[in-house]
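Below is one structure; the comments refer to it alone.
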Amino acid sequence: MSARRDFDYLVIGSGIAGLSFALAAARHGRVGVVTKARMPEGSSQYAQGGIASVWSPDDSFASHAADTEGAGAGLCRPEIVDLVVREGPERVRELIALGTRFSLRPDAEDAYDVDLGLEGGHSRRRILHALDATGQEMMRTLVEAIASVRTIEVLERHIAVDLIVSSKFALPGPERCCGAYVLDLESSRIDVAAAPVTLLATGGAGKVYLYTSNPDVATGDGIAMAYRAGVPIANMEFIQFHPTCLYHPRAKSFLISETVRGEGGLLRRPDGSRFMPEYDERAELAPRDVVARAIDQEMKARGFDNVFLDVTHCDAEFLEQRFPTILARCRSFGIDPVREPIPVVPAAHYTCGGILTDADGATPLLGLYAAGESAMTGLHGANRLASNSLLEGLVFGHRAADDAVADAAERPSLPATLPAWNPGRARTSDEAVLITQNWDEIRRLMWNYVGIVRSDRRLARARQRLDVILGDIHRDYWAFLPTADLVELRNLAAVADLIIASASHRRESRGLHFNLDCPQTDEVHWRRDTILVRDPATARPTPYR
Ligand code: FAD
Ligand code: SIN
């Protein structure tokens, strides 16, 4: 038997965006937080470098905005950039007041007198950090704060399967989102989580690529759910590859923070020579797309398995004190960065595109909001500036909650009855291999054909292969009862479909999207977002409006 739970605000995802929204909304109503693993699992927890915010007297909003727009390669929305850089410091101060302890300056007088780090693309030191484990410290504060609020109920090990959209079930009233179907991973039951306001804060989709810095939960679920609900999805061709992930057979998704280059780390070929000065005058501190493409070029043209990040010339005591997490992890694999260069490769890191939202995090579907990495607010444009995403999650988590609370009185109440999940004739699958084979194929084809460097032939090959997999998934999905693996596979395939469609649509190279067959940036025709929606007739992505 399935059950119905009612909330005033339903939050799907418990990273920085979801928990910021939940804390703000809980002052005004009952909040349900649905999260598919156990808190604090998610990308927020693994953030290393820090959070960008205008903090020192020699910095300015204009400078942070200019750096953000410089990285974004013409596609940032200036009004969004402006509001994020201006609201950021206030949100960060609230986090410190809540208990977050950022690393302090040596002579600091209080918790606000912080040490500021530097990362690629930033013209000033403006990265607040907690040594090299910033996400862990921020999430510790947020998870503790959530636990003390009576009006918040957290449902761990519950995975949202699909949104409940009124028109799909001919429900009375306007077209709107009424909540979500949620699979309880302990009981395997699918319940209705009903709410007049739903926030998608499900993070990014790095797992669509074979190599990624992202944790296992990053399967693009929110983007796929919104897409199936008919919500526009924007700029999915702009996938950010982080230049430096640890290269070791046993090191799954371990990032070597960009701040290591900010503090003097140099990239070298296996023979010890530097190569970044040959690609960009900013050398190791060029924006990520430039550095990742240079490494990719070095590896492909010269047949290297990896390149090296060298900090052996830096002060050993400083390295021990500033990067304890990174040093400990490298040493656990037998690599001592103080004495030898670290082998590194690029890996999929950040999804710049996502669910299209306005300046308040609202989507075009009534009652549905999105925030954090699953959203496309217009902050990042064609390339995200380092350490701007924790900031985006924090600012838009709050803005979305404020907007949802302000509109509460005008929102029509939900229908008294919402349809229970209909399993049809689905049965339990006894063939896990059907899922794992498709899962592996998607991740490999995306890495090989839709990775750092693309071409028309590679994109066409990716499309051909993915279409076969989409057909398989469509059949299996309705034949078998949903499991977490099946739900995630369907979502990964939908996200891959959107990335391939968006990358094929854009006939130029810009920011993170580089196509060998159209390598120039075309300011006349393509200085615009790629916005796709699901065509209900063909179930394929098609241009919006
Ligand atoms: P997440 O923190 O990823 O949270 C998503 C949540 O949604 C998780 O709780 C997940 O379990 C849940 N979820 C997903 N699908 C479902 C579903 N179907 N049902 C229920 N729950 C679901 N950015 C910076 O600004 N600075 C940094 O220093 C930095 N370092 C990084 C280092 C690493 C290794 C990585 C991977 C990313 C880093 N980033 C950094 C990026 C940044 O961490 C993320 O973009 C940001 O934390 C995303 O926050 P979020 O709240 O949107 O999502
Ligand atoms: C890093 O520490 O290099 C990651 C920073 C980011 O992704 O913003």
statement: With every protein chain kept in place and a 1.4 Å probe, the residues 488, 298, 186 fall, from largest accessible area down, as 186, 488, 298
field: Local net charge near residue 296, Cβ-Cβ under 13 Å (Lys/Arg +1, Asp/Glu -1)
entry: +2
statement: Nearest 10, in degrees from 0 to 90: the angle of helix 61-71 to the longest Cα principal axis of the chain is 90
query: Relative to a virtual label point 7 Å from the Cα of residue 317 in the Cα→beta-carbon direction, which members of segment 323-367 show backbone nitrogen distances below 18 Å?
result: 323-324, 338-339
query: List the aspartates and glutamates whose alpha-carbon lies under 15 Å from that of residue 168, not counting same-chain residues fewer than 8 positions away?
result: 535
- prompt: Considering the dipole of segment 112-181 built from charges on the beta carbon (Lys and Arg +1, Asp and Glu -1) around the Cα centre, which of 180, 158, 123 is farthest to its positive end?
  reply: 180
query: Given 303, 259, 227, which one lies farthest toward the positive end of the charge dipole of segment 183-305, if we put +1 on the Cβ of every Lys and Arg and -1 on the Cβ of every Asp and Glu?
result: 303
message: Rounded to the nearest 5, what % of DSSP beta bridges with both residues in the chain are antiparallel?
response: 60
statement: From highest to lowest solvent-accessible area (probe 1.4 Å; ligands, DNA and RNA excluded), 304, 102 read 304, 102
message: Would you work out the Kirkwood radius for segment 361-417? I mean one over the mean of 1/r across all pairs of different Cα atoms, in Å.
response: 12.8
- request: Quick one: grab the alpha carbon gyration tensor of segment 256-333, order the square roots of its eigenvalues as a ≥ b ≥ c, and give me rounded if a/c is under 1.5, else prolate or oblate depending on whether a/b is larger than b/c.
  value: prolate
query: Under 23 Å from the Cα of residue 300, which lysines turn up, not counting those fewer than eight places away in the same chain?
result: 207, 252
- request: Would you tally the net charge around residue 138, using a Cβ to Cβ cut-off of less than 15 Å, leaving residue 138 out, and scoring K and R as +1, D and E as -1?
  value: -3
- request: Calculate one ³J(HN,Hα) per residue across segment 521-533 by plugging θ = phi - 60° into the Karplus curve 6.51 cos²θ - 1.76 cosθ + 1.60, and present them in order as whole Hz with x for glycine and proline.
  value: 8, 10, 5, 6, 9, 10, 7, 7, 6, 9, 10, 10, 10
query: If you stretched the chain out fully between residue 4 and residue 147, how much longer would it get, using 0.36 nm times the residue separation minus the C-alpha to C-alpha distance?
result: 49.2 nm
- prompt: Separation of segment 359-414 and segment 15-47 by C-alpha centroid, Å?
  reply: 14
statement: For residue 475 the rounded accessible area (nearest 10 Å², probe 1.4 Å, non-protein molecules ignored) is 150
statement: Here FRET efficiency (C-beta to C-beta, residue 66 to residue 522, R₀ 25 Å, nearest 0.05) is 0.60
task: Calculate what fraction, in whole %, of the accessible area of the chain sits on carbon and sulfur atoms when a 1.4 Å probe is rolled over the protein chains.
output: 51
field: Lys/Arg +1, Asp/Glu -1 at C-beta; the chain dipole; positive extreme among 89, 139, 37
entry: 37
- request: Please state the charge dipole magnitude for segment 206-308, taken about the Cα centre, from unit charges on C-beta atoms (+1 on K and R, -1 on D and E), reported in debye and rounded to the nearest 20.
  value: 260
query: Which order, highest average first, do 133-142, 317-326 follow once you tally other Cβ atoms within 10 Å for each residue and take the mean per peptide?
result: 133-142, 317-326
query: Sorted by average packing, counted as other Cβ atoms within 10 angstrom per residue and highest first, what order do 124-132, 7-15 take?
result: 7-15, 124-132
query: Heavy-atom accessible area per residue, the chain, 1.4 Å probe: how many Å²?
result: 39
field: J(HN,Hα) series, segment 409-422, from Karplus relation 6.51 cos²θ - 1.76 cosθ + 1.60, nearest Hz, glycine and proline x
entry: 5, 8, 6, x, 6, 6, x, 4, 10, 10, x, 6, 4, 9
- prompt: Out of residues 5 or more away from residue 481 or on other chains, whose amide H comes under 5 Å of its own, with H placed 1.01 Å from N in the peptide plane?
  reply: 427, 428, 429
task: Post the alpha-carbon centroid distance, segment 267-319 to segment 198-245, in whole angstrom.
output: 27
query: So what's the angle, to the nearest 10 degrees on a 0 to 90 scale, between helix 288-302 and the longest Cα principal axis of the chain?
result: 70
- request: Note down the net charge around residue 389, summing +1 for each Lys or Arg and -1 for each Asp or Glu among other residues with Cβ under 14 Å from its Cβ.
  value: -1
query: Any idea what diffusion coefficient segment 1-101 gets from Stokes-Einstein, in µm²/s, Kirkwood Rh on alpha carbon pairs, 37 °C, 0.692 mPa s?
result: 202
Charge dipole (debye, nearest 20) of segment 1-132; +1 at Cβ of Lys and Arg, -1 at Cβ of Asp and Glu: 760
message: Given a Förster distance of 51 Å, report the FRET efficiency between residue 328 and residue 540 from their Cβ-Cβ distance, rounded to the nearest 0.05.
response: 0.60
Quarter of Cα convex hull surface for segment 313-439, i.e. mean projection, nm²: 15.0
task: May I ask for the percentage of alpha-carbon pairs in the chain that lie more than 34 Å from each other?
output: 35
query: About the Cα centre of the chain, what is the dipole size in debye to 20, counting +1 per Lys and Arg Cβ and -1 per Asp and Glu Cβ, all else neutral?
result: 1500
message: Suppose only helical runs count, i.e. DSSP H with n ≥ 4. What mean residue ellipticity at 222 nm does that imply for the chain under -39500 (n - 2.57) per run, divided by all residues and rounded to the nearest 500 deg cm²/dmol?
response: -11000 deg cm²/dmol
statement: With x for Gly and Pro, the residue-by-residue ³J(HN,Hα) of segment 388-402, computed from phi through the Karplus equation 6.51 cos²θ - 1.76 cosθ + 1.60 at θ = phi - 60° and given in whole Hz, is 8, 8, 4, 4, 4, x, 5, 5, 7, x, 5, 4, 5, 5, 4
- prompt: How would 407, 529, 517 rank on accessible area, largest to smallest, probe 1.4 Å?
  reply: 517, 407, 529
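The values are calculated or read from the model by the stated rules, or taken from the named source; none is laboratory data. If you're wondering where the values come from, they're calculated on a predicted model, not measured in any experiment. Reconstructed Cβ throughout: ideal geometry from the backbone, glycine too, with neighbour counts over all protein chains shown. The accessibility values were calculated without ligands, DNA or RNA, using every heavy atom of the protein model including side chains. Shrake-Rupley method; radii C 1.70, N 1.55, O 1.52, S 1.80 Å.
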